Structures are given as C-alpha cells and as structure tokens.
C-alpha cells in the first residue's frame, strides 16, 4: 500500500481507545433486506465494491447520508461555491464528481493511475490530483472543472503522496517532491502549465500549507540526513527561502499541517516515533513562529489530514488507522470529541459555508448475509476496509456470530476496526476500533466478550460486547497473531502467531495461551508457523495447522500445553508472508478439516489415528472454514475466487458453490 507521506510511515501499534457509534439504520439498509433467518451465513466479502463518502453535519457530527463512489475513496475537495465535490478513488484510479445539492455522482473521470491527494485553487477552474502508477512514477494531473476532463499531466520519477497547497491568487502550486536521492524538497509549480518555478531544499518534506495571505509556507520535515531533528520549516514565498525553523518533539514523527483561516495558528499532526511517546497535535503561533501548545492524543492515534472550519473555531483531524475523526476546540486547543467511521479515513473536506463534512471511507468491503439452504444473498452490508482494495493480503476479514445469533462481527484488516451488525435488520450497530491489522475473531461461549488477533501490533484486543470497551493484551514474543480459538468453558483463548518464512531455523513462531479470567498470557508454545487453530468439542485438545515447507497439523494437549502429535499434510505452503488458514473439528471430535491458506486443498484428518483420510480439491485458495450448526457441511471461503465452496462432511466432497462476486475470507453462521 502506498505511503501517506513523502518519507513513508509505519502503522502504529497498540490498542485504540473505545469509540462506538450507532450509525443510522436507513443509511446501511441493503436493497431487498429480509430478516436474517436461522442458518444464515455471514461472510466477509471483499475487495472490489464501491467505497462510500459519509455526509456529516459539521456542528453535530451526525451522519445524514452517504454517497457511493469508486473503489478506495481517499480525498475530498469542495469547489469554492460548494456546488460540487471531487472525490479521489485510489484503487479504481478515478475521480468522482458529486453534485452536493442532490448528493449524487454526476461524473466519473478515469485517470488510469492510483490517485490520492487533491487541491483546488480559489478560482475553482481546475482540480489538481496526485497519482502514481505501478512503476512508482508520480503524476500531477489537472482536471478542467468546466468540462470534467483532464487538461494537463506532468510526470515525475517518484510517487507523489503528500497534500498540496495553492496560492491565494491561484497561480502557484506547492508540492512535496522527491529529488531521487532519498531526500525531499518543496517544489513550486505554475498552475497554468505545471512548469517548475522554484525548488526549496527541505529534507524529507512531509506536507505543506500556506498562510491565508500566501506570504509563507509551513513545511513539516525530518531535519537533516545526519540527524533526525523534526521541525517545521517556514518558507518566505516571495524569495522561496527558509526563514525560520520550528523544532518539534524528536520522539514523534511529523505528519500533516494546516493553517487556521485567520492565519494565527498552525496545527501539526505528530505520530509515535519512539516507544512510550504520545501522539499529539503541535500548535504553532505564526506571529512569532513559536510552539505554544501540544494537544495529547490517545497513545496509538495516527493523526492524518487536518482541516479547520471556515470560522476557525474547530479543527478536524482524521485518524488513519482507527477510522475516526477527532474534533478540536481551537480557542482552548482541546480535543472535544471523536467520531468513528466504517473505513480508513484519509482526506476530509468541509463545505465553504461550514455546515457539511465529507469523509471518504476507503473501505470497499461488504458483509454478505447468505441463506444457507438456497445460497442466495439476503443482504450486502458495507463494513470497513478489509483489504486496502488489494487481493495480495490473504486474511481479509474474520467473521463471528454471537451464540444467540443476534449479532455478527467482522474484522477489517486495513481500517483497524471491528464492524458489529444486528442480524435482525442487517444494519451496522457499531464500529469498534481494535488496533492495527485485526484478523481473527472469536467470541466467548456466553457472547459477552470478543477476542481479536491484531496482526500488525502483536496483541489481542478484548472487546466487551455490551459496552464495546476494549483492553489490549500484549503478546510476550514477536509475531503476527492471526487465528484464535476458545475452550468450550471459556477459560482459555489459544492464539496462533505466525512469523515470516522461510525461517532457516532462526525464526520462531508461537501458540500463546491466554487466561480469560486475568487476560494474561500464561503459556507460550513454540510451533512451526501456526496459521489456523481450533479446539476439540470436549476442550482437551487444540489442533493447529502449520504452514511450513510442507503443511502439518499439530495436536496440543490443553491440560499440559504440550505438543502430543504431528500429522504431515500432502502439499506445501506457497506463501512468503504470515497468512491465515482454515480449520474446523466435527462435533464428535473424530475428524479435523484444515487448509493451509495457500493452495486449493482441504485435508481431512482422523483424530484417533492422526492419519490423513483425504485431500479435497476446493476452489482456488480457501481461507477460513466454518461448520454449519448441524455439523453436516463445511463452508470454505476463498480469497482468490469469487465463490464459497460447500463440503459435505459425510462424503468429504464439494457438493455446491455459493457465488459472491468477490473474494471472501471469514465465514460464520447464526444458530439453527
């Protein structure tokens, strides 16, 4: 996935603060909704669906509607008169033109490249769009707003990935640009012909914003090549020289910057650089270029684009990995509220009259409710961003259904949250931040607690399903936890934590055991690249599928937490990154069905003899496996195909497929 700043940045780790919201049911009702019946399958269905743009009242943050645009919605800008909004679609490589009075897309402009940040000059004649192609070549594209066609394009030898700024007279465009030698600079372009007018050396320039009078540009940067010394460079736009340098906290990394409408203050986002540091918004007084305040954020916040309300009383900051918007009181320099959204929020725009916010949700995933008898899709519910619009990640989203069948839970790998759906109405009940890279999810037997494996933060997030309060459990050894299982009595959670193969004998992977009464890790078991895990119905054994050079199945005694058996599976593991596999055990405990998350095979194993009974050809790349409540069928999602394969347990054969139209991973059933 492309970096959000010129220099690149790492996704933070940790557990996000608890933020829940009941989104308006009318917004998320899918066409042809019917009440979820017994035997309904809930399937994480990803990648190629259109994204949505949330329409919010700026004063109350109440969502009043949503607009369906392209795939991977990224940024938004309003025309100066507020009549239209332009939305960049990163994955589909297009720009959607929205008529704000009707909230409809009136034009789609194909650009042919991945697109991100946009800027519109005060005269409103052009929209400038940053984009890049598969060869990492950058392109600056100008769109004529009178015809909604591309009027000019300028290409660069490196991607463009930072917000731009345009002078008040609409004649100059300021852009962070890679010089090709590992450092960045601020480059000034003529908006009429995209000719470069000046280059101001600023080491690893991150973003840029202008004062309202256009006299100064503020540029967060990394300082120098010899020593990391983050600061904000102040550039005199008349002479194109740096006239001041405002030091920033060296334990944090600077991100995006915005200047208030009256030009009195600048807000700079800063995310965690060193462990123990607290992300913050740095407040700069522009009259004397002094850092006058620092607004602390949650420990794992990842501040993104910043905008001010037209009257300058509020500032809005996107939180990239937690899919939320932070709202600040500018007079008090205080965080006042946070609003979670479905997918990753990159860009944000406010209407010229200050009444409306547009928040592109980059999520392009759905939760599909499928009738298990007929295979027909009952509902398709927008959720978060499971895949970043790419099929390169074979663990799009985990799925789980509460024991009473009233709720379905979906993890969203890229937007860092869990979507909670009410199955009676198939509407979104809540969006719960769960940390970076959530994959597997399992519920306690009484449904009171959800446990989420955080692949990108090496932890497990515990969610109280009544309050949606969260707690993080750090795992004691490094790895990529992706799969979980809970004992029938709810006392222990087993976590499969893979690591990057090939290991050559040096990289260890683990199965961790968590005591749910204390939420502490009580045992660490070395296992060769565990990618899927389940517990026997009687709770005495944990079965683990391992993706080594040739896949294998381990048996772990839950009494001793020792490996008591190993079964070699035919075939091999074809992946090179931590992945997630599927595994289920039959209700009588006699057989285990497992895949390795890499090839089109599900293996059937006799647990009494530790012998492979059959290798079942299934789809292309089966992911999560789920057993129907009556134990007669296994549904195998497929992250490389557009259908779920249904295996008859008795015969061990695929008896039908359920078409979804897009790849899938997680599967869970309501009880019969």
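A short reminder: the numbers here are calculations on the coordinates, not readings from a lab. Just so it is clear, the model here is predicted, and its values are computed rather than measured. Every residue, glycine among them, receives a Cβ derived from its backbone with ideal geometry; neighbour counts consider all protein chains shown.
Of note:
- The residues 529, 139, when put in order of fewest to most other Cβ atoms within 10 Å, stand as 139, 529.
- Whether the range 370-499 is rounded, prolate or oblate, judged on the alpha carbon gyration tensor where a/c under 1.5 counts as rounded: oblate
- Cα gyration tensor, the range 72-230 - rounded (a/c under 1.5), prolate or oblate: prolate
- Gyration tensor verdict on the range 64-116 (Cα atoms; rounded if a/c is under 1.5, prolate if a/b is larger than b/c, oblate otherwise): prolate
- Ranking of 118, 164 by count of other Cβ atoms within 10 Å, fewest first: 164, 118
- Listed candidates (1) 29.3; (2) 25.6; (3) 31.5 - label of the one calculated as Kirkwood radius over Cα pairs in Å: (2)
- The chain: relative contact order in percent, alpha carbon pairs under 8 Å with at least 6 residues between: 12 percent
- Averaging the Cα positions of each part gives two centres, and for the range 312-333 and the range 539-568 these lie 48 Å apart.
- Packing rank of 263-270, 431-438, where each peptide gets the mean count of other beta carbons within 10 Å, highest leading: 431-438, 263-270
- Peptides 614-622, 586-594 ordered by average Cβ neighbours within 10 Å, highest first: 614-622, 586-594
- Order of 296, 257 - criterion: other Cβ atoms within 10 Å of each residue's Cβ, fewest first: 296, 257
- Sorted on the mean count of surrounding Cβ atoms within 10 Å across their residues, most packed first, peptides 420-429, 326-335 read 420-429, 326-335.
- Entry note, the chain: the mean residue ellipticity at 222 nm calculated from DSSP H runs of n ≥ 4, each adding -39500 (n - 2.57), is 0 deg cm²/dmol after division by the residues and rounding to the nearest 500.
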